[in-house]
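*Asks:* Following this message is one structure expressed as structure tokens.
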Amino acid sequence: MNRTNKNIISTSGLIKTYRRYKKPEGMRGSIASLFHREYEEKTAVNRIDLAVQAGEFVGLIGPNGAGKTTLIKMLTGIIAPTAGAIDVLGYYPNDLKNAFKKQYAVVMGQKSQLFFELTVNDTLRLFKEIYEISEDVFQENKNYFVHLFGVADLMDVQVRTLSLGERMKMELIVALLHNPAILFLDEPTIGLDAIASRQIRSFLREINEKKGTTIILTSHYVEDIKTLCRRTVVVNHGVKIYDGATDELFERYQKNKRIIVAFDNPLGTVALKTGSAKLVVDEPYKKEYEVPRQNASGLLAELMGHEPKDITIEEEEIGIVVERIYQEGGGDCHA
């Protein structure tokens with residue numbers, strides 16, 4: 001089911017400001033605030049221009065408090081913008097028209113939309129009625145996703161008995177049951193183990209490619225963004241500081257790798273020829289190094305000579321990458 005290649009999300013100069021009450025400490029401050037209240041304004045989203053085409057898989061990243069969730073809430077109509085233009089699927093989201101709400105879905109890793117006392121089958125049946133899905137479409141989509149996620153043996157059990165990974169699969173099935181044009185994902189792999197995270201990423205890729213569903217993904221995990229999103233938007237302090245190719249983003253701003261080495265036998269400080277490697281943890285049975293990406297292979301070759309039990313290679317966290325973009329003026333990289 002391929003969707004037409006046009007912008008289905010468009011914002012221009014989008015702004016969201018909050019007015020926050022400030023109360024002085026203690027009883028005296030509480031009494032004084034009865035007669036005179038002080039407020040401060042916080043700009044959560046500051047003049048963001050965004051255009052997303054049908055069928056795109058876009059990563060939305062930034063540190064906590066950067067404005068990502070506020071942006072998604074405006075795109076889904078949960079909150080209204082303070083200023084600027086916004087159009088999603090031809091609608092002004094905050095009008096909350098039923099025809100609009102039936103065309104998108106939201107999945108949040110830390111909040112559930114499932115009914116914990118019901119079985120999975122009954123939960124799906126309930127969402128069928130909420131979204132007024134025909135029986136034929138319901139059965140077709142249900143069978144497709146049950147097969148895709150491999151959860152046939154879980155359909156008659158209570159939602160409350162599901163593991164975190166199983167629950168996230170059901171969250172996605174519920175969200176996709178009504179064939180939404182846009183799927184908003186907020187940290188869908190948070191708390192999942194490596195196997196469950198890989199499964200979720202695989203399912204999302206197939207849904208995007210086979211169903212043509214436009215997906216907006218926020219995540220703090222580098223692997224989610226790098227493996228799924230061809231395009232990434234970076235937000236910091238409410239401002240869009242990068243909008244372009246994901247490969248270019250990490251090639252330019254992800255400069256180091258962390259290499260963690262474990263040994264069966266205690267080992268003193270290792271003398272290395274790779275002078276650019278920085279030792280950050282030096283324990284008898286464990287060493288951790290931070291090394292520029294281009295020198296990682298040389299360091300690995302040296303470490304193999306010390307007969308390690310295990311080697312783990314980690315990418316720099318998204319927060320570090322965002323900070324580097326901000327410091328180096330990544331605003332010049334807008335697509």
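The values are calculated or read from the model by the stated rules, or taken from the named source; none is laboratory data. Just so we're clear, the structure is a prediction, and the values are computed from it rather than from any experiment. Neighbour counts run over all protein chains shown; Cβ positions are idealised from the backbone, glycine included. For the accessible areas, the whole protein counts, side chains as well, though only heavy atoms, and no ligand, DNA or RNA atoms are used. Shrake-Rupley method; radii C 1.70, N 1.55, O 1.52, S 1.80 Å.
*Asks:* Which whole-number value in Å² is the accessible area per residue of the chain, probe 1.4 Å?
*Replies:* So the chain comes to 52 Å² accessible per residue, rounded to a whole number.
*Asks:* Across 10 Å bins from 0, what is the distribution of all Cα-Cα pair distances for the stretch 23-80, in whole percents?
*Replies:* 16, 33, 20, 20, 8, 3
*Asks:* In the stretch 212-335, what is the volume of the convex hull around the alpha carbon atoms, normalised per residue and reported in Å³?
*Replies:* Cα-based convex hull of the stretch 212-335, divided per residue, equals 130 Å³.
*Asks:* Can you tell me the mean projection area, over all orientations, of the convex hull of the stretch 249-298's alpha carbons? Units nm², please.
*Replies:* 3.7
*Asks:* Among SER197, ASN208, LEU177, pick out the residue whose Cα is farthest towards the positive end of the charge dipole of the stretch 174-255, where Lys and Arg carry +1 and Asp and Glu carry -1 on C-beta, about the Cα centre.
*Replies:* Of the candidates, ASN208 comes out farthest on the positive side.
*Asks:* Give or take rounding to whole Å, what are the principal axis extents of the alpha carbon atoms in the stretch 108-245, in descending order?
*Replies:* 45, 29, 25
*Asks:* Past the 11 angstrom mark, what percentage of all C-alpha to C-alpha distances in the stretch 106-147 do you count?
*Replies:* Across the stretch 106-147, Cα pairs with separations above 11 Å total 69 percent.
*Asks:* Can you tell me the FRET efficiency between ILE195 and ILE78 if r is taken as the Cβ-Cβ distance and R0 is 41 Å, rounded to the nearest 0.05? Don't jump to the answer; show the numbers that get you there.
*Replies:* Working: r = 33 Å, r/R0 = 0.79.
The value I calculate is 0.80.
*Asks:* So, one more: For q values of 0.12, 0.16 Å⁻¹, compute log₁₀ I(q)/I(0) with the Debye formula on a Cα-only model of the stretch 1-145, without solvent.
*Replies:* Log10 of I(q)/I(0), two decimals: -0.72, -1.04.
*Asks:* With label points built 7 Å along Cα→Cβ from the Cα atoms of GLU40 and ASP264, find their separation and express it in nm.
*Replies:* A separation of 5.7 nm, rounded to one decimal place.
*Asks:* Then there is this: Putting +1 on Lys and Arg Cβ atoms and -1 on Asp and Glu Cβ atoms, find which of ILE15, LEU50, ILE31 reaches farthest to the positive end of the dipole of the stretch 1-76.
*Replies:* Result: ILE31.
*Asks:* Going highest first, how would you order 233-239, 46-52 by mean Cβ packing within 10 Å?
*Replies:* 233-239, 46-52
*Asks:* Same structure again: Beyond a 20 Å Cα-Cα separation, which of these cross-linked pairs lie in this structure: LYS68/LYS211; LYS257/LYS286; LYS16/LYS240; LYS23/LYS68; LYS257/LYS278?
*Replies:* Values: LYS68/LYS211 25 Å; LYS257/LYS286 17 Å; LYS16/LYS240 13 Å; LYS23/LYS68 27 Å; LYS257/LYS278 11 Å.
Over 20 Å Cα-Cα: LYS68/LYS211; LYS23/LYS68.
*Asks:* Suppose the chain between ARG20 and ASP136 were pulled fully straight at 0.36 nm per residue; how much longer would it get relative to their current alpha carbon spacing?
*Replies:* 36.8 nm
*Asks:* Heads up, I need the accessible area for LYS22: 1.4 angstrom probe, whole protein in place, Å², nearest 10.
*Replies:* 100
*Asks:* Now for a separate question. Take the alpha-carbon centre of the stretch 118-169, take the same for the stretch 6-28, and report the distance between them in whole Å.
*Replies:* Going from one Cα centre to the other spans 36 Å.
*Asks:* Let me ask another. Output the peptides 308-317, 11-20 sorted from most to least packed, where packing is the average of other Cβ atoms within 10 Å over each peptide's residues. The partial results should precede the final answer.
*Replies:* Values: 308-317: 13.7, 11-20: 15.9.
Output ranking for 308-317, 11-20: 11-20, 308-317.
*Asks:* Here is a follow-up. Based on the Cα coordinates of the stretch 77-117, what is the per residue volume of their convex hull in Å³? Don't skip to the answer; put the middle values down first.
*Replies:* Details: hull volume 4.2 nm³, N = 41.
Per-residue hull volume (Cα only) is 103 Å³.
*Asks:* Moving to a separate point now. Take VAL157 and ALA245, extend 7 Å from each Cα along the Cα→Cβ direction, and tell me the distance between the two endpoints in nm.
*Replies:* 4.4
*Asks:* Which lysines, on any chain, are close to LYS210 with Cα under 26 Å apart, when same-chain ones fewer than 8 places away are left out?
*Replies:* Correct list for LYS210: LYS6, LYS101, LYS102, LYS128, LYS142, LYS169, LYS226.
*Asks:* Restricting to DSSP H runs of at least four residues, report the calculated mean residue ellipticity at 222 nm for the chain, -39500 (n - 2.57) per run over all residues, nearest 500 deg cm²/dmol.
*Replies:* -9500 deg cm²/dmol
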